[in-house]
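**Student:** Pasting in a structure now, in C-alpha coordinates, and then I'll have a few things to ask.
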Amino acid sequence: MTRRLLGALLTAATATVLLGTTPASAAAANFAGTVALSNCSGSVVKPAATPDTAPALVMSNGHCLETGFPAPGQVITNRSSSRTFTLLNASGGNAGTLRAKKIVYGTMTDTDVSLYQLTTTYAQIKSSYGISPLELSNAHPTAGAAIDVVSGYWKRIYSCNIDGFVYRLKEGSWTWKDSIRYTSACQTIGGTSGSPIVSGGKVVGVNNTGNEDGQRCTDNNPCEVDQAGNVTVHYKTNYGQETYGIPACLTAANEIALTQAGCTLPRP
(Lines give C-alpha, C1' and ligand atoms only; values in the text may rest on other atoms or scores of the structure.)
Protein backbone atom coordinates (compact mmCIF):
# COMPACT_ATOMS: atom_id res chain seq x y z
CA MET A 1 0.00 0.00 0.00
CA THR A 2 1.09 3.56 -0.59
CA ARG A 3 1.27 6.64 1.53
CA ARG A 4 -2.34 7.42 2.48
CA LEU A 5 -3.29 4.31 4.44
CA LEU A 6 0.21 3.87 5.82
CA GLY A 7 0.21 7.42 7.15
CA ALA A 8 2.94 10.02 6.60
CA LEU A 9 5.75 8.77 4.38
CA LEU A 10 6.52 12.13 2.83
CA THR A 11 9.09 14.69 3.91
CA ALA A 12 7.94 18.06 5.19
CA ALA A 13 9.57 19.72 2.18
CA THR A 14 7.62 17.54 -0.24
CA ALA A 15 4.39 18.27 1.64
CA THR A 16 4.92 22.00 1.27
CA VAL A 17 5.24 21.62 -2.50
CA LEU A 18 2.14 19.43 -2.77
CA LEU A 19 0.08 21.83 -0.70
CA GLY A 20 0.71 24.65 -3.13
CA THR A 21 -0.09 28.18 -2.04
CA THR A 22 -2.98 27.63 0.36
CA PRO A 23 -1.62 28.81 3.74
CA ALA A 24 -2.97 27.70 7.11
CA SER A 25 -3.77 31.33 7.91
CA ALA A 26 -6.33 31.40 5.09
CA ALA A 27 -8.61 29.01 6.98
CA ALA A 28 -11.11 30.00 9.64
CA ALA A 29 -10.07 27.15 11.94
CA ASN A 30 -6.86 26.92 13.96
CA PHE A 31 -4.82 24.07 15.45
CA ALA A 32 -5.90 24.32 19.09
CA GLY A 33 -6.98 20.88 20.29
CA THR A 34 -5.56 18.99 17.32
CA VAL A 35 -2.83 16.40 17.85
CA ALA A 36 -0.02 14.77 15.92
CA LEU A 37 0.32 10.99 16.05
CA SER A 38 3.42 9.07 14.99
CA ASN A 39 1.99 8.55 11.50
CA CYS A 40 -1.33 10.44 11.32
CA SER A 41 -3.34 13.38 12.60
CA GLY A 42 -6.09 13.59 15.22
CA SER A 43 -7.91 15.81 17.68
CA VAL A 44 -9.13 16.00 21.25
CA VAL A 45 -12.92 15.78 20.92
CA LYS A 46 -15.88 16.06 23.30
CA PRO A 47 -19.65 15.62 22.85
CA ALA A 48 -21.42 18.78 24.03
CA ALA A 49 -23.13 17.05 26.98
CA THR A 50 -20.00 15.31 28.31
CA PRO A 51 -18.68 16.85 31.55
CA ASP A 52 -15.20 18.37 31.70
CA THR A 53 -14.38 15.88 34.46
CA ALA A 54 -14.58 12.94 32.03
CA PRO A 55 -11.40 11.36 30.66
CA ALA A 56 -10.63 13.12 27.39
CA LEU A 57 -10.88 11.42 24.00
CA VAL A 58 -8.55 11.66 20.99
CA MET A 59 -10.15 10.82 17.64
CA SER A 60 -8.29 9.62 14.55
CA ASN A 61 -8.80 6.93 11.89
CA GLY A 62 -9.17 3.21 12.40
CA HIS A 63 -6.36 2.75 9.88
CA CYS A 64 -4.11 4.89 12.10
CA LEU A 65 -4.20 2.45 15.04
CA GLU A 66 -0.74 1.41 16.25
CA THR A 67 -1.89 -2.21 16.06
CA GLY A 68 -2.44 -2.01 12.28
CA PHE A 69 -5.52 -1.94 10.07
CA PRO A 70 -8.63 -3.60 11.55
CA ALA A 71 -9.86 -6.36 9.25
CA PRO A 72 -13.18 -5.90 7.42
CA GLY A 73 -15.90 -6.58 9.98
CA GLN A 74 -13.54 -6.16 12.94
CA VAL A 75 -14.49 -3.78 15.75
CA ILE A 76 -12.01 -3.08 18.55
CA THR A 77 -13.23 -1.93 21.97
CA ASN A 78 -11.50 -1.26 25.29
CA ARG A 79 -8.03 -2.39 24.26
CA SER A 80 -5.15 -1.18 26.45
CA SER A 81 -2.92 1.47 24.86
CA SER A 82 -0.18 3.82 26.09
CA ARG A 83 0.17 5.72 22.83
CA THR A 84 1.28 9.35 23.08
CA PHE A 85 -0.02 12.37 21.19
CA THR A 86 1.53 15.80 20.65
CA LEU A 87 -1.08 18.42 21.58
CA LEU A 88 -1.01 21.59 19.49
CA ASN A 89 -1.91 25.15 20.39
CA ALA A 90 -3.76 27.59 18.13
CA SER A 91 -0.66 28.49 16.08
CA GLY A 92 0.42 24.86 15.66
CA GLY A 93 3.06 24.94 18.38
CA ASN A 94 3.69 22.02 20.73
CA ALA A 95 1.54 22.56 23.83
CA GLY A 96 2.34 19.26 25.57
CA THR A 97 2.15 15.48 25.41
CA LEU A 98 -1.00 13.45 26.06
CA ARG A 99 -1.08 9.72 26.77
CA ALA A 100 -3.73 7.11 26.05
CA LYS A 101 -5.13 4.72 28.62
CA LYS A 102 -6.97 2.57 26.10
CA ILE A 103 -8.50 2.36 22.64
CA VAL A 104 -12.17 2.85 23.44
CA TYR A 105 -13.28 2.10 19.88
CA GLY A 106 -11.70 1.40 16.52
CA THR A 107 -12.91 0.07 13.18
CA MET A 108 -12.62 0.37 9.41
CA THR A 109 -16.07 -1.12 8.83
CA ASP A 110 -18.84 1.29 7.67
CA THR A 111 -16.61 4.11 8.91
CA ASP A 112 -12.89 4.65 9.59
CA VAL A 113 -12.45 5.89 13.14
CA SER A 114 -10.48 5.36 16.33
CA LEU A 115 -11.23 6.82 19.76
CA TYR A 116 -8.55 6.81 22.46
CA GLN A 117 -9.42 7.47 26.09
CA LEU A 118 -6.66 9.49 27.75
CA THR A 119 -5.15 9.37 31.23
CA THR A 120 -6.18 13.03 31.72
CA THR A 121 -9.56 14.75 31.82
CA TYR A 122 -10.67 17.70 29.70
CA ALA A 123 -10.43 19.90 32.79
CA GLN A 124 -6.85 18.79 33.45
CA ILE A 125 -5.84 19.47 29.85
CA LYS A 126 -7.39 22.93 30.07
CA SER A 127 -5.63 23.63 33.38
CA SER A 128 -2.23 22.35 32.24
CA TYR A 129 -2.13 23.59 28.65
CA GLY A 130 -4.94 26.12 28.24
CA ILE A 131 -6.44 24.02 25.44
CA SER A 132 -10.14 23.18 25.11
CA PRO A 133 -11.44 20.17 23.15
CA LEU A 134 -13.17 20.37 19.80
CA GLU A 135 -16.92 19.78 20.05
CA LEU A 136 -18.33 16.75 18.25
CA SER A 137 -21.47 17.71 16.37
CA ASN A 138 -24.43 15.34 16.71
CA ALA A 139 -26.04 16.61 13.48
CA HIS A 140 -25.52 15.26 9.98
CA PRO A 141 -23.26 17.60 7.97
CA THR A 142 -24.75 19.69 5.16
CA ALA A 143 -23.88 19.55 1.47
CA GLY A 144 -22.20 22.75 0.34
CA ALA A 145 -21.04 23.68 3.84
CA ALA A 146 -17.60 25.23 4.23
CA ILE A 147 -15.12 22.90 5.95
CA ASP A 148 -11.56 22.95 7.27
CA VAL A 149 -9.51 19.75 7.40
CA VAL A 150 -6.97 20.44 10.14
CA SER A 151 -3.83 18.28 10.09
CA GLY A 152 -1.88 18.16 13.32
CA TYR A 153 0.82 16.02 11.71
CA TRP A 154 1.69 18.49 8.95
CA LYS A 155 0.39 21.57 10.77
CA ARG A 156 -1.60 22.45 7.66
CA ILE A 157 -5.23 23.43 7.16
CA TYR A 158 -7.13 22.59 3.98
CA SER A 159 -10.23 24.69 3.31
CA CYS A 160 -13.00 23.74 0.85
CA ASN A 161 -16.65 22.70 0.86
CA ILE A 162 -18.65 19.50 1.17
CA ASP A 163 -19.29 18.49 -2.44
CA GLY A 164 -21.81 15.82 -1.45
CA PHE A 165 -22.23 12.43 0.19
CA VAL A 166 -21.35 8.99 -1.11
CA TYR A 167 -23.77 6.10 -0.55
CA ARG A 168 -20.91 3.59 -0.39
CA LEU A 169 -17.19 4.32 -0.69
CA LYS A 170 -15.19 1.18 -1.47
CA GLU A 171 -11.41 0.91 -1.11
CA GLY A 172 -9.70 -2.46 -1.36
CA SER A 173 -11.29 -4.74 1.25
CA TRP A 174 -13.13 -1.96 3.08
CA THR A 175 -16.49 -0.25 2.50
CA TRP A 176 -17.64 2.97 4.18
CA LYS A 177 -21.17 4.37 4.36
CA ASP A 178 -22.41 7.92 3.70
CA SER A 179 -18.92 9.35 3.24
CA ILE A 180 -18.16 13.06 2.83
CA ARG A 181 -16.80 14.09 -0.58
CA TYR A 182 -14.72 17.27 -0.66
CA THR A 183 -14.56 19.89 -3.40
CA SER A 184 -11.24 20.00 -5.24
CA ALA A 185 -9.56 22.60 -3.02
CA CYS A 186 -8.96 20.00 -0.28
CA GLN A 187 -6.05 18.04 -1.78
CA THR A 188 -5.15 16.15 1.39
CA ILE A 189 -2.02 13.97 1.49
CA GLY A 190 -0.53 11.15 3.53
CA GLY A 191 -0.27 12.07 7.21
CA THR A 192 -3.53 14.05 7.12
CA SER A 193 -5.42 10.83 7.87
CA GLY A 194 -7.39 11.29 11.08
CA SER A 195 -7.63 15.07 10.80
CA PRO A 196 -10.88 16.55 12.13
CA ILE A 197 -13.27 18.00 9.54
CA VAL A 198 -14.49 21.23 11.11
CA SER A 199 -17.60 23.09 9.98
CA GLY A 200 -19.30 25.91 11.84
CA GLY A 201 -16.83 25.53 14.70
CA LYS A 202 -17.72 21.87 15.33
CA VAL A 203 -16.26 18.54 14.22
CA VAL A 204 -18.51 16.91 11.61
CA GLY A 205 -16.16 14.24 10.32
CA VAL A 206 -12.70 12.68 10.17
CA ASN A 207 -10.51 12.81 7.06
CA ASN A 208 -9.50 9.39 5.74
CA THR A 209 -8.75 8.82 2.06
CA GLY A 210 -8.62 9.93 -1.56
CA ASN A 211 -8.23 8.55 -5.06
CA GLU A 212 -4.54 8.96 -5.84
CA ASP A 213 -4.00 7.21 -9.18
CA GLY A 214 -7.39 7.02 -10.89
CA GLN A 215 -7.69 3.29 -10.24
CA ARG A 216 -11.00 1.62 -9.44
CA CYS A 217 -11.76 0.46 -5.87
CA THR A 218 -8.13 -0.45 -5.02
CA ASP A 219 -6.06 0.52 -1.97
CA ASN A 220 -5.57 4.30 -1.99
CA ASN A 221 -8.02 4.56 -4.90
CA PRO A 222 -11.55 4.47 -3.49
CA CYS A 223 -14.51 4.30 -5.84
CA GLU A 224 -18.06 5.51 -5.30
CA VAL A 225 -20.97 3.06 -5.43
CA ASP A 226 -24.52 4.39 -5.65
CA GLN A 227 -27.73 2.72 -4.43
CA ALA A 228 -28.22 1.04 -7.81
CA GLY A 229 -24.71 -0.46 -7.67
CA ASN A 230 -23.21 1.88 -10.27
CA VAL A 231 -19.48 2.48 -9.72
CA THR A 232 -17.71 5.76 -10.49
CA VAL A 233 -14.11 6.84 -10.02
CA HIS A 234 -13.21 10.42 -9.10
CA TYR A 235 -9.47 10.90 -9.64
CA LYS A 236 -7.77 13.22 -7.11
CA THR A 237 -10.99 13.51 -5.09
CA ASN A 238 -10.68 13.21 -1.31
CA TYR A 239 -13.05 11.97 1.35
CA GLY A 240 -13.86 11.82 5.05
CA GLN A 241 -16.19 9.91 7.34
CA GLU A 242 -19.09 11.44 9.27
CA THR A 243 -18.85 11.49 13.06
CA TYR A 244 -22.28 12.77 14.14
CA GLY A 245 -23.30 9.30 15.35
CA ILE A 246 -20.45 8.97 17.86
CA PRO A 247 -21.93 10.97 20.79
CA ALA A 248 -24.93 8.58 21.02
CA CYS A 249 -22.50 5.70 21.58
CA LEU A 250 -20.63 7.22 24.54
CA THR A 251 -21.51 7.43 28.21
CA ALA A 252 -20.96 10.56 30.29
CA ALA A 253 -17.65 9.02 31.37
CA ASN A 254 -16.56 8.57 27.71
CA GLU A 255 -16.92 4.80 27.78
CA ILE A 256 -18.20 3.10 24.66
CA ALA A 257 -21.81 1.89 24.88
CA LEU A 258 -22.77 0.31 21.57
CA THR A 259 -26.15 -0.92 22.84
CA GLN A 260 -27.16 2.55 24.03
CA ALA A 261 -30.32 4.01 22.45
CA GLY A 262 -29.54 5.77 19.19
CA CYS A 263 -26.09 4.23 18.73
CA THR A 264 -25.57 2.96 15.19
CA LEU A 265 -21.81 2.33 15.14
CA PRO A 266 -20.80 -1.21 14.09
CA ARG A 267 -20.58 -3.71 16.92
CA PRO A 268 -18.02 -6.49 17.47
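The values are calculated or read from the model by the stated rules, or taken from the named source; none is laboratory data. As the structure is a computational prediction, the values presented were derived from the model and not from experiment. Every residue, glycine as well, gets a Cβ built from its backbone with ideal geometry; the counts of neighbours run over all protein chains shown. Note: areas computed on protein heavy atoms with side chains; ligands, DNA, RNA excluded. Shrake-Rupley method; radii C 1.70, N 1.55, O 1.52, S 1.80 Å.
**Student:** Find the relative contact order for the chain and round it to a whole percent, using C-alpha pairs within less than 8 Å whose residues are 6+ positions apart.
**Tutor:** 22
**Student:** Rg and Dmax of region 120-268 over Cα atoms: what are they, in angstrom?
**Tutor:** Final numbers for Rg and Dmax: 16.3, 52 Å.
**Student:** Just to be sure I understand, if you calculate volume of the Cα convex hull per residue in Å³ for this structure, which of (i) 137; (ii) 156; (iii) 112 do you get?
**Tutor:** So the calculated entry is the one marked (iii).
**Student:** Given the chain, what percent of its DSSP beta bridges are antiparallel, to the nearest 5?
**Tutor:** 95
**Student:** May I ask you to give the percent of accessible area on the chain that is carbon plus sulfur, with a probe radius of 1.4 Å?
**Tutor:** Ligands and nucleic acids excluded, carbon and sulfur give 50 percent.
**Student:** When Lys and Arg each count +1 and Asp and Glu each count -1, what net charge do the other residues less than 14 Å away from Leu37, Cβ to Cβ, add up to?
**Tutor:** After counting each charged neighbour, the total is +2.
**Student:** Then there's this: Can you tally the net charge around Ala54? Count Lys and Arg as +1, Asp and Glu as -1, for every other residue whose Cβ sits under 11 Å from the Cβ of Ala54.
**Tutor:** That sum, taken over residues with Cβ under 11 Å, equals -1.
**Student:** Less than 14 Å Cβ to Cβ from Ser82, Lys/Arg counted +1 and Asp/Glu -1: what total charge do the surrounding residues give?
**Tutor:** +4
**Student:** Using a 10 angstrom Cβ neighbour count of at most 16 plus a DSSP loop assignment to flag exposed trypsin sites (Lys or Arg not before Pro), which longest range of the chain is free of such sites?
**Tutor:** 1-215
**Student:** Determine ³J(HN,Hα), in whole Hz, for all residues of region 152-161 in sequence, where each value follows from phi through the Karplus function 6.51 cos²θ - 1.76 cosθ + 1.60 and θ = phi - 60°; x replaces Gly and Pro.
**Tutor:** Here the 3J(HN,Hα) series is x, 5, 8, 6, 10, 10, 9, 10, 7, 9 Hz.
**Student:** Return the calculated 222 nm mean residue ellipticity for the chain, to the nearest 500 deg cm²/dmol, obtained by summing -39500 (n - 2.57) across DSSP H runs with n ≥ 4 and dividing by the residue count.
**Tutor:** Using -39500 (n - 2.57) per qualifying helix, the result is -2000 deg cm²/dmol.
**Student:** Starting from the Cα of Lys170, draw a straight line to each of the lysines and keep only those under 22 Å, dropping any in the same chain fewer than 8 residues away.
**Tutor:** Lys236
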